[in-house]
Amino acid sequence: MALVKDSAIVLRRLDFSETSQVLAVFTRDHGQQRVIAKGVKRGTKTRAGIGIDLLEKGDIVFSARPGKEDRLATLTEWRQRDGYRHVREDLARLYAAEYAADVTTQLTETHDPHAGLFDALDVFLQSLADNAADDALSTYLWRMLREIGLQPQLDACVSCGRETAGAGALYFSSHQGGAICSDCESSALEKRLLSKETAQLLALGRDTVSGRAFPLLDYHLRETMGRPSRLSALVRRAFGVRHRA
């Protein structure tokens, strides 16, 4: 077995037994990994057996069998580097962080590294300490979509190329990959109305994205994944989302 060292963020955790856990971790250089952490919940006289927590960053060492990528790797060492404690101090932050972890799990492949996305997730979790949860989450989702090649085109109609800034009514089609003008919308079976404000917010390509774009990003992710994130309703309620963008 080969020992692999990396930095990782815990995306999912499942109690496997009284003392062990199965974790989905997003590593910086080796992509998403599924590992079994044997005995990690076993306490000692000086340390409680609480295991490894969701949304925790650490230095990881795990053993993997070459050619057996479909099997669970075995965790051999974990050293926490950041527990993102502030995330757990507010429900909106917690739901936003869990939403990000959920969609990242679903939209990244095992053993497919995305160092830029790992860094963006780390920055997002840190930014929840000082930024509004809806702004921070929308910024991360937009960066994630760019990193994995699913960022929609919003500066022009994906069908005819007409610039959205000078168009009339706008629509958005996830399946067609972006904005659609009123002249082309009849050909799109899957679509929804798109406000010019949201289109312009995202088309600017800035490093930060307003939380007003979250309803559109949530819709796009739902269509892309084939189902909504299990955190979608909770996040929408926490953000006070009552309408589409």
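The values are calculated or read from the model by the stated rules, or taken from the named source; none is laboratory data. Predicted, not measured: the structure shown is a model, and the values here were computed from it. As a convention, Cβ positions derive from the backbone with ideal geometry for all residues, glycine included, and neighbour counts pool all protein chains shown.
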Those residues of the stretch 187-208 which are more than 13 Å from Cys157 (Cα to Cα) and among the small types (Gly, Ala, Ser), in sequence order: Ser195, Gly205
- prompt: From the list Ala120, Ala115, which residue is buried (at least 18 other Cβ atoms within 10 Å of the Cβ), assigned by TED's automatic domain parsing to the domain that holds Arg227 and either closer than 20 Å to Arg143 by Cβ or out of contact with any strand residue (DSSP E or B) (no Cβ under 6 Å at 6 or more places or on another chain) (or both)?
  reply: Ala120
- request: Only residues that are farther than 13 Å from Asp218 by Cα and out of contact with any Gly (no Cβ under 6 Å at 6 or more places or on another chain): list them for the stretch 133-149, please.
  value: Ala133, Ala136, Arg143, Arg146, Ile148, Gly149
Failed criterion for Leu193 (all others in (1) touching a helix residue (DSSP H, G or I) at 6+ places or on another chain (Cβ under 9 Å); (2) over 21 Å from Asp130 (Cα atoms); (3) not in a helix (DSSP H, G or I) hold): (1)
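Any chance you could count how many residues in the stretch 202-245 are over 16 Å from the mean Cα position of the chain (by Cα) and surrounded by 17 or more Cβ atoms within 10 Å (Cβ to Cβ)?
Initially, the stretch 202-245 is screened for residues over 16 Å from the mean Cα position of the chain (by Cα), giving 202-207, 210, 212, 237-245.
Of the ones still in play, those that are also surrounded by 17 or more Cβ atoms within 10 Å (Cβ to Cβ) are 202-203, 210, 212, 238-239, 241, 245.
Residues in the stretch 202-245 being over 16 Å from the mean Cα position of the chain (by Cα) and surrounded by 17 or more Cβ atoms within 10 Å (Cβ to Cβ): 8 in total.
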task: Examine the stretch 138-149 for a residue that is of a type outside the set (A, V, I, L, M, F, W, C), modelled with pLDDT of 95 or more and more than 30 Å from Arg28 (Cα to Cα), and state whether such a residue exists.
output: no
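Every residue, every condition in (1) more than 26 Å from Thr104 (Cβ to Cβ); (2) touching a residue at least 60 places away in the same chain (Cβ under 8 Å); (3) in contact with a Leu (Cβ under 8 Å, 6 or more places away or on another chain), yes or no:
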{"site": "Leu137", "(1), (2), (3)": "no, yes, no"}
{"site": "Ile148", "(1), (2), (3)": "no, no, yes"}
{"site": "Gly161", "(1), (2), (3)": "yes, no, no"}
{"site": "Ala169", "(1), (2), (3)": "yes, no, yes"}
{"site": "Glu185", "(1), (2), (3)": "yes, no, no"}
{"site": "Val209", "(1), (2), (3)": "no, yes, yes"}
{"site": "Leu231", "(1), (2), (3)": "no, yes, no"}
message: Looking at (1) free of Cβ contacts under 8 Å to residues at least 40 places away in the same chain; (2) over 20 Å from the mean Cα position of the chain (by Cα), which one does Ala199 not meet, given that it meets all the others?
response: (1)
- request: Determine if the stretch 92-110 includes at least one residue that is at pLDDT 95 or above and in a strand (DSSP E or B).
  value: no
statement: Residue count, the stretch 157-176, condition exposed (fewer than 12 other Cβ atoms within 10 Å of the Cβ), touching a Ser or Thr at 6+ places or on another chain (Cβ under 7 Å) and under 21 Å from Asp218 (Cα atoms), comes to 0
